[in-house]
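Each value in this text was obtained by applying a stated rule to the coordinates, not by laboratory testing. Fair warning: this is a prediction, and the values are worked out from it, not measured in the lab. Note that we place each Cβ from the backbone using ideal geometry, even for glycine, and neighbour counts take in every protein chain shown.
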Amino acid sequence: MKNILITGGAGFIGSHVVRLFVKKYPRKNIINLDKLTYAGNLENLKDIENKKNYTFVKADVTDYKAISEILRKYEIDGIIHLAAESHVDRSIKDPFCFAKTNVIGTLTMLQAAKEYWGCNLANAKEMSKLHKFYHISTDEVYGSLEFNSSLFKETNKYEPHSPYSASKASSDHFVRAFHDTFGLPEVITNCSNNYGPYQFPEKLIPLVINNIEHNKPIPVYGKGLNVRDWLYVEDHAKAIDLIFHNGVVGETYNIGGLNEWKNIDIVKLLVKIVDEKLGRKEGASESLITYVQDRAGHDLRYAIDSSKLRNELGWKPETSFEEGIVKTVEWYLQNKEWLANVTGGAYQKYYKKMYLNK
């Protein structure tokens, strides 16, 4: 697969995947497709924007005509589909937006790929050697775990509780349906919470870092006892690379960090680290912690069992949480211009003349 289309490549996880592929595979053509909504930021990719094997295309994954033309124009062999609305709070306020992007957008990508590649059950074996449609999903499709229950496995039944997780569950089902009905060569991964550089600051870790630095209240849902499994974003990107090139068509792989933290504990850890980096007295910012009304349908715990990926493809996280969280804090404190552009909205004007007016 020489020509690879990565959707949502200007977003948080997508930008790390695009960067990895552009740098690691100089003889492959990497096409970054992004609509440049609030979560898409081309400043995330300034360091590779002039690479010969990198191309950015502004398009909407729900636009079938545009997607079909892009597949033909760039002779796309493989697709890594990351484009999605991903914030649970936003899905509660506007579920229609999530259904459109995550469900219809994925269906559009699937149909365009099926038609362009000419997939059918009769040629499924041959197609699996030539193409791959890699769909990135979330652990939230599995629902909520109790504290004493086992980790999410690929065989867990789907029990989505939020409009966001419901939209991702639906898109997963469409991907599998296109494999079973049309022989489309697909693979799905469900990943735990990511953290690291370039994450949009509405998410927990960058939000807490930013609020500590600026002495703003740190909102914590309920009592802060909800548990999440955290994975450093560069380790996720490496897993995506491995699965895209070596994952078995028709399979699902869970990607997790085996790194569970209660929300309140991670907030207090960030207070400690950021205060230290800013030269403040230890615990000085704990008074900023503000408990707020719990999120509707807030799942208690997510935790991924990634033993299948470890055993079959040899992947494991390379970045310890202790190392990753410090690197993340330092990145946000050192990249104040990027953060200011995002929180102030200036990033949305980036490359406006070059791309948005086309």
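Largest first, the three principal axis extents of the alpha carbons in the chain are 65, 50, 38 Å in whole numbers.
With 25 Å as the limit, the listed pairs LYS2/LYS238; LYS58/LYS316; LYS132/LYS168 have LYS58/LYS316 beyond it between alpha carbons.
Peptides 181-191, 153-163 ranked from most to least packed, by the mean per-residue count of other Cβ atoms within 10 Å: 181-191, 153-163.
Candidates VAL267, ALA113, SER192 compared by Cα position along the dipole of the chain: farthest toward the positive end lies ALA113, with charges placed on Cβ.
What value, in deg cm²/dmol to 500, does the helix sum -39500 (n - 2.57) over DSSP H runs of n ≥ 4 give at 222 nm once divided by the residues of the chain? The helix-only estimate for the chain comes to -12000 deg cm²/dmol at 222 nm. A simple charge model with +1 on the Cβ of Lys and Arg, -1 on the Cβ of Asp and Glu and nothing else charged puts the dipole of the range 1-55 at about 360 debye relative to its Cα centre. Positive-end ranking of GLY8, LEU278, VAL233 along the dipole of the chain, with charges on Cβ about the Cα centre, is headed by GLY8.
Peptide packing: for 114-124, 38-48, the average count of neighbouring Cβ atoms within 10 Å per residue gives the ranking 38-48, 114-124, highest mean first.
Taking a ≥ b ≥ c as the square roots of the eigenvalues of the alpha carbon gyration tensor, the range 7-96 is oblate, as a/c is not under 1.5 and a/b does not beat b/c. When DSSP assigns beta bridges and you keep just the ones with both residues in the chain, what percent turn out antiparallel, to the nearest 5? Here the antiparallel bridges make up roughly 10 percent for the chain. Working from label points 7 Å from Cα in the Cα-to-Cβ sense, the LYS73 to LEU130 distance is 2.3 nm. Fully extending the segment from GLU276 to SER307, taken as 0.36 nm per residue of separation minus the present Cα-Cα distance, adds 7.5 nm. Approximating the spin labels as points 7 Å out from Cα along Cα→Cβ, the GLN293-to-ASP265 distance works out to 2.9 nm. Remark: LYS308, LYS132 ranked as LYS308, LYS132, counting other beta-carbon atoms within 10 Å and listing the fewest first.
Taking square-rooted eigenvalues a ≥ b ≥ c of the alpha carbon gyration tensor, is the range 236-358 rounded, prolate or oblate, where a/c under 1.5 means rounded and, failing that, a/b exceeding b/c means prolate? Here the range 236-358 falls in the oblate category.
Note on HIS87 and THR181: the model spin-label points, each 7 Å out from Cα along the C-beta direction, lie 3.3 nm apart.
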